[in-house]
1. How much net charge surrounds G34 when only the other residues with a Cβ under 11 Å from the Cβ of G34 are counted, with Lys and Arg +1 and Asp and Glu -1?
2. What is the sum of charges, Lys and Arg at +1 and Asp and Glu at -1, for the other residues whose Cβ falls under 11 Å from the Cβ of A57?
3. Would you kindly compute the Cα radius of gyration of region 18-125 and its largest Cα-Cα separation (Dmax), both in Å?
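Bear in mind that the values in this text are calculations on the coordinates, not laboratory data. Nothing here was measured: the structure is a model prediction, and the numbers come from that model. Here Cβ is always computed from backbone atoms with ideal geometry, including for glycine, and neighbour counts include all displayed protein chains.
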Amino acid sequence: MPVITAGTSGTASKGSHLTQICYSAATVEEDANGCMAELSKLSPSDVARAGSFLLDASLVRCGRPENVTARRADGTALPSWLMFDEEALRFSAIDPPPGSLPMPVELTVRWPGGKKAAIRTLLESCTQDR
C-alpha cells in the first residue's frame with residue numbers, strides 16, 4: 001500500500017506520535033468534466049498501488065489541481081488530529097485515537113475553468129506492521 005507521507009500542516013508536541021497515512025481505495029463520486037476518468041476505471045487495489053493519484057498525470061486529465069479540500073465522508077470537518085496538506089496533497093495524523101482509522105473521507109478537487117471532481121477514499125494507518 002503506498003504511503004501518503006506526513007504533511008507539514010500539523011505540529012506534534014513532545015511525546016506525540018506522528019502516524020503515516022495510506023489509502024486503500026478511491027471512488028469518483030462526481031466528475032462532469034472527465035478529469036478523473038482514468039481513476040474511475042481502476043479497481044480499489046490498483047488505486048492503492050497508484051500512489052498519490054492527484055499528482056499522477058496518467059490518471060488526472062486536467063493537470064495539477066488548483067484547490068483540493070478534504071472532509072469526512074459525512075461532510076463534517078476532519079478531526080483535529082488528522083491534517084490535510086493541500087499543497088503537498090498529503091494527510092498526516094498526530095496521536096489518532098484507537099479505532100478511529102480507517103476513516104472514509106471525501107476530496108473535492110477543483111481545476112482552473114470551473115472543473116470539479118469529488119472523490120471518496122479510505123484513509124488508514126500504514127505504520128502498523130502488516
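1. Around G34, the surrounding residues sum to 0.
2. Values: positive: R61, R64; negative: E38, D56.
Overall, the nearby charge balance is 0.
3. Considering region 18-125 through its Cα atoms, Rg and Dmax are 13.3, 42 Å.
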